[in-house]
């Protein structure tokens with residue numbers, strides 16, 4: 001029998017040295033830590049002495065527990081489920097880097113598409129095949145972006161399981177994106193459709209949407225504008241905060257989101273006129289006892305609701321945008337469609353970097369690959385221009401070739417029938433038996 005030591009013990013089994021030590025694991029049944037004995041194959045007796053086997057065991061304990069003789073680290077005992085790991089080990093780590101509103105959405109999606117169908121399966125039972133089948137199944141009912149997002153989450157979850165020693169091998173490392181994915185919405189509108197939509201709106205909504213279209217603003221930025229952010233003389237607006245889910249935030253979607261944006265002079269004039277109208281409404285509300293101040297405050301929102309707060313994005317989309325889309329029979333009208341449309345149509349108004357600046361994207365690839373769409377008429381024009389350039393360089397040679405062909409045809413037509421010699425003629429004109437050469 002092997003001798004017990006403080007740092008575990010070593011014993012021979014057949015031709016191998018085996019070491020044993022104790023460590024803490026999590027019991028899924030009680031969600032409490034428990035101590036278990038762990039066996040370790042240290043190597044053949046023919047190559048290791050008992051002292052060397054002990055040293056090998058100490059190294060293994062140090063690797064697994066952090067230091068010899070300190071079994072305080074809780075690791076997987078082979079029966080921890082995916083749901084337990086996601087809720088107790090994965091999400092708590094991610095919440096530190098996720099924004100509050102974003103975290104709610106991400107956790108909901110993970111619960112719906114990963115934990116609900118797979119949560120009761122032990123981590124150790126997963127393999128690449130089962131995970132790929134689940135991803136393929138999601139591709140039949142979910143959008144392309146949703147499938148790509150779930151693939152990223154699955155890979156992150158199992159990579160974290162390996163890092164935390166719940167798994168030895170990552171079964172999700174080589175998951176592939178399914179080929180048959182539902183197409184992502186790429187709806188865009190034309191300039192005429194945008195102008196028609198603006199013509200059907202009231203003064204406030206026309207200024208609001210024209211500002212949104214001109215600067216490709218996100219609704220979270222658009223509805224957060226206050227009068228103190230508007231500089232009429234400089235024709236600028238400052239994006240200093242955003243609104244989302246009924247809350248004001250002092251940060252934007254990207255680092256470039258919070259900045260000073262230029263406004264065309266005519267649009268600045270309209271905003272200035274809108275301010276005067278808001279001043280008049282403020283006085284009327286004050287006289288009726290609905291306001292405590294008779295004039296606008298610099299902190300007042302440019303586009304207010306009836307209570308003086310900011311407009312709700314979802315409510316405005318349904319009440320105004322969807323209504324206009326139905327009346328004008330537009331394919332779709334949302335803030336996302338407007339941003340995609342402006343990015344697409346602006347291809348002819350400036351460079352790629354200019355459009356990126358308007359969109360305020362951190363990466364050019366986001367502008368070109370996600371927002372910019374192909375314009376069929378522009379593609380046809382490009383093809384025609386390419387062919388025109390090719391024909392310009394070859395115009396002279398084509399003319400010479402045509403003249404040469406005409407000259408050859410004229411000479412053939414002038415030759416007399418008696419002078420024509422064919423390959424069937426076998427005698428010379430002088431009566432000899434010499435074969436004549438063949439002519440084409």
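No lab work stands behind these numbers, since they all come straight from the coordinates. Computed from a predicted structure; not experimentally measured. Positions of Cβ are backbone-derived with ideal geometry, glycine not excepted, and every protein chain shown enters the neighbour counts.
Any idea how far apart residue 190 and residue 413 come out in nm if each label point goes 7 Å out from Cα toward Cβ?
Roughly 5.0 nm, to one decimal.
If you stretched the chain out fully between residue 334 and residue 250, how much longer would it get, using 0.36 nm times the residue separation minus the C-alpha to C-alpha distance?
Length gained between residue 334 and residue 250: 27.8 nm.
To the nearest 0.05, how large is the calculated FRET efficiency for residue 294 and residue 203 if R₀ is 22 Å and r is the Cβ-Cβ distance?
E(calc), rounded to 0.05, equals 0.50.
Stretch residue 323-residue 307 to full length: gain in nm at 0.36 nm per residue minus the Cα-Cα span?
3.5 nm
For segment 82-163, calculate the relative contact order in percent as a whole number, restricting contacts to Cα pairs under 8 Å that are 6 or more residues apart.
Relative contact order, segment 82-163: 43 percent.
Taking R0 as 51 Å, what's the FRET efficiency between residue 284 and residue 375 from their Cβ-Cβ distance, rounded to 0.05?
Between residue 284 and residue 375 the formula returns 0.60.
Largest first and in whole Å, what are the equivalent-ellipsoid semi-axes of segment 82-163 based on the Cα gyration tensor, each being the root of 5 times an eigenvalue?
In descending order, the three semi-axes are 19, 17, 10 Å.
Relative contact order for segment 191-371: what is it in percent, counting Cα pairs under 8 Å that are at least 6 residues apart?
23 percent
What is the order of 361, 134, 272, fewest Cβ neighbours within 10 Å to most?
Lowest to highest Cβ neighbour count: 272, 134, 361.
Taking the number of other C-beta atoms within 10 Å as the exposure measure, put 147, 177 in order starting with the fewest.
Fewest to most other Cβ atoms nearby, the residues stand as 177, 147.
How would you rank 377-389, 328-340, highest first, on the average number of other Cβ atoms within 10 Å across their residues?
Highest-to-lowest ranking by the protection proxy: 328-340, 377-389.
Quick one: 190, 51, fewest Cβ neighbours within 10 Å first, how do they rank?
51, 190
Using R₀ = 56 Å, calculate the FRET efficiency as 1/(1 + (r/R₀)^6) where r is the Cβ-Cβ separation of residue 103 and residue 35; round to 0.05.
My answer for the efficiency is 0.95.
In Å, the Kirkwood hydrodynamic radius of segment 191-371 over pairs of distinct alpha carbons?
17.3 Å
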